[in-house]
Amino acid sequence: MLISKVCCELPQLVQQDLTIQQVIQKMTEEHSNGYVVVDAAHNVAGVISLQDIAVYIVPEEFRKNTSMAQAMYKPGFFYELCQQAKDVPISRVMRTDFITVNLETNMMTVLAEFLERSLYLLP
């Protein structure tokens, strides 16, 4: 199967100067979990997904130890972390180590890349 059978022909784009808060708001409104990030000249600069934002917000020690995350839980903690990061530009959080594909790329190649690189979105 070719990627053309499952891809979105018009990718959702965001400007790289948006903040985490602005992108999360856009994700919420548009029911999306990721975007292709473009610069002022509309060149692809990166990709941003909800997972990329989570990696930025959630402390590394919690990602490596879910028991610690559970033990350190307090009401409002996640909200506090989000508030601390809300004004961070997505250019600091977006992935720049992505690959690009075309409509003739084999689906298995795309899936292998997704798994090997822990990707969630490809332009």
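Taking 1 over the mean of 1/r across every pair of different Cα atoms in the range 54-123, what Kirkwood radius in Å do you get?
Working: mean 1/r = 0.0674 Å⁻¹.
Hydrodynamic radius (Kirkwood, Cα pairs) of the range 54-123 is 14.8 Å.
Considering just Cα atoms, how many Å³ per residue does the convex hull of the range 64-104 enclose? Write out the running numbers ahead of the final one.
Working: hull volume 6.4 nm³, N = 41.
Once divided by residue count, the hull of the range 64-104 is 156 Å³.
Using a 10 Å cut-off on Cβ atoms, rank the peptides 45-54, 60-69, 11-20 from the highest mean neighbour count down.
Values: 45-54: 19.7, 60-69: 11.4, 11-20: 16.7.
Result, highest mean Cβ count within 10 Å first: 45-54, 11-20, 60-69.
Give, to the nearest whole percent, the P(r) tail of the range 7-50 beyond 13 angstrom, counting all Cα pairs.
Values: 483 of 946 pairs.
For the range 7-50, the share of Cα pairs beyond 13 Å comes to 51 percent.
Under unit Cβ charges (Lys, Arg +1; Asp, Glu -1), what dipole magnitude, rounded to 20 debye, does the chain have relative to its Cα centre?
Taking the Cα centre of the chain as origin, the dipole is about 300 debye.
Within 10 Å of each candidate Cβ there may be at most 16 other Cβ atoms; applying that plus a DSSP loop requirement, which trypsin sites (Lys or Arg not before Pro) in the range 77-123 survive?
Values: sites: Lys86, Arg92, Arg95, Arg117; in loops: Lys86.
Counting only loop positions with at most 16 other Cβ atoms within 10 Å, the trypsin sites (Lys or Arg not before Pro) in the range 77-123 are Lys86.
Among Gln84, Leu2, Thr109, pick out the residue whose Cα is farthest towards the positive end of the charge dipole of the chain, where Lys and Arg carry +1 and Asp and Glu carry -1 on C-beta, about the Cα centre.
Gln84
Considering only DSSP beta bridges whose two residues both sit in the chain, what percent are antiparallel, to the nearest 5?
On the way: 8 of 11 bridges.
Once the DSSP bridges in the chain are tallied, antiparallel ones form about 75 percent.
Relative to the first principal axis of the alpha-carbon coordinates of the chain, what is the inclination of helix 107-117, with its axis defined by its Cα atoms, in degrees from 0 to 90 and to the nearest 10?
Roughly 30 degrees between the two axes.
If I histogram all Cα-Cα distances within the chain using bins 10 Å wide from 0, what percent of pairs lands in each bin?
12, 38, 32, 15, 3
Values in this text are rule-based calculations from the coordinates and carry no lab data. In this text the structure is predicted, and so the values were computed from the model without any measurement. A quick note on method: Cβ atoms are made from the backbone with ideal geometry, for glycine too, and the neighbour counts reach across all protein chains shown.
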